[in-house]
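Some notes on the structure that comes next.
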Amino acid sequence: MNTHWLDYTLLTLVIIGAVNWGLIGFFQFDLVAFIFGNMSWFSRIIYAIVGIGGLYLISLFGRIRSSES
């Protein structure tokens, strides 16, 4: 099954999440909360999708290792 589009989409979301965490760590500025509201239902969905994307991308390590062999 070809999941390259899913890999790239979720990788983009996880990078956006990482940038958001960097903004929180350096400047105490939560970009998702700023755009969508502090813990609104939509911002919670964004956080959940980024979290699920991160968990899914753990499988990327195994796929990279198996393709190198």
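The values are calculated or read from the model by the stated rules, or taken from the named source; none is laboratory data. Because the structure is predicted, anything quoted here is derived from the model rather than measured. No Cβ is skipped: glycine too gets one built from the backbone with ideal geometry, and neighbour counts run over all protein chains shown. Accessible surface areas use protein heavy atoms only, side chains included; no ligands, DNA or RNA. Shrake-Rupley method; radii C 1.70, N 1.55, O 1.52, S 1.80 Å.
Quick look at the values:
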quantity	calculated
Region 7-29 residues that are within 14 Å of I52 (Cβ to Cβ), paired with ones that are at pLDDT 95 or above (beta carbon under 7 Å, 6 or more apart)	none
Residue check for L10: modelled with pLDDT under 95 and touching an Asp or Glu at 6+ places or on another chain (Cβ under 7 Å)	no
Among residues of region 27-69, those that are hydrophobic (A, V, I, L, M, F, W, C), open to solvent by 70 Å² or more (accessible area, probe 1.4 Å) and within 14 Å of D7 (Cβ to Cβ), counted	5
Residue check for I24: out of contact with any Gly (no Cβ under 6 Å at 6 or more places or on another chain), of a type in the set (V, I, T) and open to solvent by 80 Å² or more (accessible area, probe 1.4 Å)	no
Pick from region 1-23, criterion of a type in the set (A, V, I, L, M, F, W, C) and over 10 Å from the mean Cα position of the chain (by Cα), ranking: farthest from Y47 (Cα to Cα)	M1
